[in-house]
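The values are calculated or read from the model by the stated rules, or taken from the named source; none is laboratory data. Computed from a prediction, not measured in an experiment: that's the story for all the values here. Note: ideal-geometry Cβ built from the backbone for every residue, glycine included; neighbour counts use all protein chains shown.
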């Protein structure tokens, strides 16, 4: 009986110690916010159909998450990435306004599903903002979790044959890492 009590006590003590270690380790968690952004310089050109009165555009750029000092510092120790907001902001535009007939924003990288948003019938002018709805945020999390460079592509059709605009693509996130 004495052996049974000692064994039970030892098992309970180990269980308490193990769960306490996990709690202590989580006290070392580091939370920080990062913004991943790029500017897309977009030139609108006439569509390929002769009778077309609409313009088309395609632009791409890359974002390197490791360009953010905090992200790079804790890259191998990241536990969670939580998107807080994601949007496109029109920085400048000529002529103004331009009607976006159809548009597509895509985040892409190797071996992870693309995050894709579609936009229809949106008026673009300086300061305008297009939100990236939450439906694709889990894919953006997976892309960021790769901790490598990814490509941002914006393409579409407008109501003008020629023009240009700068679109800033921004993703703000909260990241949890544990340096232990």
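Descriptive notes on the structure:
- Residues of region 137-146 that turn out to be buried (at least 16 other Cβ atoms within 10 Å of the Cβ) and touching a residue at least 40 places away in the same chain (Cβ under 8 Å), as a count: 4
- Residue 41 assigned to a helix (DSSP H, G or I) and at pLDDT 95 or above: no
- Flag if residue 52 is in contact with a strand residue (DSSP E or B) (Cβ under 8 Å, 6 or more places away or on another chain), over 22 Å from residue 152 (Cα atoms) and at pLDDT below 95: yes
- Cβ separations smaller than 7 Å between residues 6+ apart or across chains give the following pairs from region 38-56 residues that are within 30 Å of residue 172 (Cα to Cα) to residues that are at pLDDT below 90: 56/47.
- Scope region 148-180; condition assigned to a loop (DSSP other than H, G, I, E, B), touching a helix residue (DSSP H, G or I) at 6+ places or on another chain (Cβ under 8 Å) and more than 14 Å from residue 107 (Cα to Cα); matching residues: 178, 179, 180
- Residue among 105, 130, 124 that alone is under 15 Å from residue 163 (Cβ atoms) and in contact (Cβ under 8 Å) with a residue 12 or more places away in the chain: 124
- Some residue of region 8-31 being under 30 Å from residue 161 (Cβ atoms) and modelled with pLDDT of 60 or more: no
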